Amino acid sequence: MLLKSTLLRSGPNSKRKAPRQQRKAGVIDCDLSMGKPFDIELERLTGQPPYSEATRCAGAGQRGTFFLETFGCQMNDHDSEKVAGLLHARGYQQVETPEAASLILYNTCSIREKAAQKVFSRLGEYREKQGEGKVIGVLGCVAQQEGEDIFKRAPWVSLVCGSASYSKLPGMLAQLEAGNQRVTGLDTDTDATFETEVTRRDNPWRAYLTIIEGCDKACSYCVVPFTRGPERSRASDSILREVRQLAELGYSEVQLLGQTVNSYADPTARRMRFSELLLAVAEVRGIRRVRFTTSHPSDFTLDIVEAIEREPKICDHVHLPVQSGSTRVLRAMQRTYSREEYLEKIALMRGASRPIGITTDIIVGFPGETEAEFEETLSLLEEVQYDSMFSFKYSPRPNTPSLSMSDSISEEEKSRRLAVLQDKQREIQAAKNARLVGEQFEVLVSGKSRRENQWSGYTTSHRMINFASQERELLGTYVQVRVTGAGPNSLAGEHAV
Ligand code: SAM
Ligand code: SF4
């Protein structure tokens, strides 16, 4: 049923016109150290309009137009790329505003309460749109969590499809086209991964690839096992086939995605380990950088570090969320490791022959977290010296085991702990970055500033660097940059020619 469209799979080599990045109103920082926005929008960098003829497949627009807004993490962003690909292949054309669309889709996040609230307030804004004959759909984690209740709270919604049921989307779209008023996809017992023939990639240089969906880890605060279903790994041969296609299209950087990416379990007879998969992806001709996120500490093993040591194309960056520095809190969070066991994983990386950048996620104010336990988190920051951190105030979520624990720490106290934590990490980052002045790094150029001759990009360890160059066109290229200055969140430099 799916159309094969090389246009939609097109990459930098095919002179594809870069689309505008999805409007990401209400984006929350999930594990998104990776997703820093470009200074200016892609089409302005490339001089191309967002949804040009070249990005459409034959017949696009015949069935109607769609507007797709994404909230949440990289996995949501990538799911949206796949949904957009599916819709294009069915003859829909993507548009930039809900006003111009016949189908309005909302890909949602429910990791924290605020994120879920935003979804309903945005749905309220769409209320009158249904009267204009528009079809409104909710995708993603909020759809999975709220299910058919969404129809009660927002009766103007016609489609509700949870993240675990995306493989059913083509059938659901067919039902909508046949005139069905309400369609749902809410199974969690699926063993299917969401693979499509067509993916409409938003970043012209870095391609995201989900290799494992769902999560079996059951952390006591987390909705993901409920919203994304059980863990399902994608077949290694299918992953490698897609990487080869991406390389042929000119993508030089791939990022393997999964909530616990390193828990990857190849369902084929090859039984590739995650580290073997990293090496196999790096071997694909044309691939220069392989990234992966998010790694779970319990499944983080020496062979992953050895793969990074052995293969320079595997980026020297590991995102390893710790959540807390206190073993008692970690136990209450059901994180399956202690502080000491986590530090052993850090030691594996610190012992590597090649320095590895380490980033993390932390939750403050988990039920019952004492001041002394919070201080253990501060001392962990001191000990590990992370390169970057995402930090969150604990947010009670439906269905989760921690919901029954008393959320005893006041909002005020959670905010105080968050601020103290962030101040400490800012100091650490400022000092670490200052030590890099004078060093030289390879940078994939992904942004151009409004200021003349100013560019930006990322090092292999995922440090953001703004630099000066007299070159006229650098976007999408790899250049050497010498660091001349440093702040807590980014580096400054000059093109080393
Ligand atoms: N799978 C990843 C892992 O194991 O660390 C994390 C995925 S989650 C989408 C991203 C981050 O959101 C988590 O690492 C955690 O710090 C934060 N998070 C998840 N549930 C939360 C909650 N109920 N309250 C506050 N932060 C939460
Ligand atoms: Fe959530 Fe824990 Fe799974 Fe991460 S490992 S997605 S925090 S349940």
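The values are calculated or read from the model by the stated rules, or taken from the named source; none is laboratory data. Keep in mind that this is a model prediction, so the values were computed, not measured. Cβ: placed from backbone, ideal geometry, glycine included. Neighbour counts: every protein chain shown. Just so you know, the surface numbers come from the protein's heavy atoms only, side chains and all, with ligands and any DNA or RNA stripped out. Shrake-Rupley method; radii C 1.70, N 1.55, O 1.52, S 1.80 Å.
Cβ-Cβ distances below 9 Å connect the following pairs, each with a first residue in region 296-311 that is without any contact (Cβ under 8 Å) to a residue 60 or more places away in the chain and of a type in the set (F, W, Y), a second residue that is open to solvent by less than 50 Å² (accessible area, probe 1.4 Å) and away from ligand 1 (no atom under 16 Å from the Cβ), and a separation of six or more residues or different chains: F300/M349. Restricted to region 189-211, and to residues there that are among the hydrophobic types (A, V, I, L, M, F, W, C) and more than 24 Å from D299 (Cα to Cα), the residue that is most open to solvent (accessible area, probe 1.4 Å) is W205. Scanning region 314-332 for residues that are surrounded by fewer than 20 Cβ atoms within 10 Å (Cβ to Cβ) and in a loop (DSSP other than H, G, I, E, B) yields a count of 1.
Considering every residue within region 143-152, establish whether at least one is more than 22 Å from T188 (Cα to Cα), out of contact with any helix residue (DSSP H, G or I) (no Cβ under 7 Å at 6 or more places or on another chain) and open to solvent by 70 Å² or more (accessible area, probe 1.4 Å). No, region 143-152 has no match at all.
Which numbered condition in (1) more than 24 Å from L123 (Cβ to Cβ); (2) crowded, with 17+ Cβ neighbours inside 10 Å is the only one that V224 fails? Going through (1) more than 24 Å from L123 (Cβ to Cβ); (2) crowded, with 17+ Cβ neighbours inside 10 Å one by one, V224 breaks only (1). Residues of region 200-237 that are over 25 Å from A280 (Cα atoms) and in contact with a strand residue (DSSP E or B) (Cβ under 8 Å, 6 or more places away or on another chain): C219, Y221, T227, R228, G229. Against the list (1) away from ligand 1 (no atom under 12 Å from the Cβ); (2) over 22 Å from the mean Cα position of the chain (by Cα), the condition N399 fails is (1).
Among the criteria (1) touching a helix residue (DSSP H, G or I) at 6+ places or on another chain (Cβ under 8 Å); (2) aliphatic (A, V, I, L, M); (3) in contact (Cβ under 8 Å) with a residue 40 or more places away in the chain, the one M389 does not fulfil is (3). Entry remark, region 468-489: residues being in contact with a helix residue (DSSP H, G or I) (Cβ under 8 Å, 6 or more places away or on another chain) and surrounded by 15 or more Cβ atoms within 10 Å (Cβ to Cβ) number 4 in total.
Regarding S338, is this residue surrounded by fewer than 20 Cβ atoms within 10 Å (Cβ to Cβ) and without any contact (Cβ under 8 Å) to a residue 12 or more places away in the chain? The answer is yes for S338. Applying the condition of being among the small types (G, A, S) and over 17 Å from the mean Cα position of the chain (by Cα) to region 209-232 and asking which residue is nearest to ligand 1 (Cβ to nearest atom) yields S220.
State which residue is nearest to ligand 2 (Cβ to nearest atom) when the search covers only region 221-231 and only residues that are closer than 15 Å to R112 by Cβ and part of a loop (DSSP other than H, G, I, E, B). So that I can check it myself, show each step before the final result.
Pass one, region 221-231, residues closer than 15 Å to R112 by Cβ: 221-224, 226-227.
Okay, now just the ones that are also part of a loop (DSSP other than H, G, I, E, B), so 221-223.
Values: Y221: 7, C222: 3, V223: 8 Å.
Among those residues, the one meeting the criterion is C222.
Checking each residue of region 181-193 against the condition of being of a type in the set (A, V, I, L, M), in contact with a strand residue (DSSP E or B) (Cβ under 8 Å, 6 or more places away or on another chain) and closer than 18 Å to S80 by Cβ gives no match. Please specify each residue of region 218-244 satisfying the condition of being modelled with pLDDT under 95 and among the polar types (S, T, N, Q). Correct list: T227 only.
As a summary of the residue check, V305 satisfies the conditions (1) within 16 Å of ligand 1 (Cβ to nearest atom); (2) more than 18 Å from V364 (Cα to Cα); (3) hydrophobic (A, V, I, L, M, F, W, C) except for the one numbered (1).
Given the criteria under 17 Å from A307 (Cα atoms), surrounded by 19 or more Cβ atoms within 10 Å (Cβ to Cβ) and not aliphatic (A, V, I, L, M), does S252 qualify? Judged against the criteria, S252 is not a match. Residue by residue through region 317-353, note down the ones that are within 14 Å of E373 (Cβ to Cβ), more than 15 Å from ligand 1 (Cβ to nearest atom) and either modelled with pLDDT under 95 or of a type in the set (S, T, N, Q) (or both). T327, S338, listed by residue number.
Tell me, yes or no, whether region 246-262 has at least one residue that is of a type in the set (G, A, S) and within 11 Å of ligand 1 (Cβ to nearest atom).
Residues of region 246-262 of a type in the set (G, A, S): 247, 250, 252, 258.
Next, from what is left, pick out any that are within 11 Å of ligand 1 (Cβ to nearest atom): 258.
Yes, region 246-262 has at least one match.
Residue-by-condition table, conditions (1) in contact with a helix residue (DSSP H, G or I) (Cβ under 8 Å, 6 or more places away or on another chain); (2) within 16 Å of ligand 2 (Cβ to nearest atom):
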| site | (1), (2) |
| --- | --- |
| I239 | yes, no |
| A247 | no, no |
| V261 | yes, yes |
| P267 | no, no |
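For region 389-448, filtering for residues that are assigned to a helix (DSSP H, G or I) and either more than 16 Å from ligand 2 (Cβ to nearest atom) or open to solvent by less than 20 Å² (accessible area, probe 1.4 Å) (or both) leaves 26. Per the listing G229, G185, G258, G214, the residue uniquely within 19 Å of M75 (Cα to Cα), out of contact with any Cys (no Cβ under 9 Å at 6 or more places or on another chain) and crowded, with 20+ Cβ neighbours inside 10 Å is G214.
Please find, within region 94-110, the residue that is farthest from K82 (Cα to Cα) out of those that are open to solvent by 40 Å² or more (accessible area, probe 1.4 Å) and not charged (D, E, K, R).
Narrowing region 94-110 to residues open to solvent by 40 Å² or more (accessible area, probe 1.4 Å): 96-97, 99-100, 102.
So of that shortlist, the ones also not charged (D, E, K, R) come out as 97, 100, 102.
Numbers: T97: 19, A100: 21, S102: 19 Å.
In this case the residue turns out to be A100.
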